[in-house]
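Bear in mind these aren't lab numbers, they're just calculated from the coordinates by the rules spelled out. What you see is a predicted model; the values in this text were computed from it and never measured. Note that we place each Cβ from the backbone using ideal geometry, even for glycine, and neighbour counts take in every protein chain shown.
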Amino acid sequence: MFDIGFAELLIVAVVALVVLGPEKLPTAARTAGLWVGRIRRTLSGIQSEISEELRIDEMKRTVAIQKEELDKELAEMRTPFTEGSSDDSPFGNSVSSPEELKAKQPVSGESASQPENSIAPPVSTGSEQTAPDAANKTEK
């Protein structure tokens, strides 16, 4: 910061000794040292806060750029699906929106019957035993 050599420091020390005297010089040196320490800590804190703010700003810019790229890729990915579901497409009429699917589902009061050719899986109550387990219990 300052270009002060040993000769300049020696001159300042001699002048301070003459002006303040030998009794007040140690307390003045201690006070000056405390002030210099406070100034250094304050400047260091300010510098770290500025660098942190710059880092946060850079991260925000990076996130904004990545978000724009992802939005662009998402739009590119959606275009084939929106083009394919148009009315001119052979599959356009077979695709249903979620609202249409909800409208087609039976209301909770109505009974929902299964088609005749569908097979429902058996429901286990947990109290049935398999054949080998039942045979082992009867042998004992």
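Annotations
- Other residues within the sphere of radius under 14 Å centred on the Cβ of MET59, judged by their own Cβ, net out at 0 (K and R +1, D and E -1).
- Gain on full stretching of the segment that runs from LEU70 to SER51 - 0.36 nm per residue minus C-alpha separation: 4.0 nm
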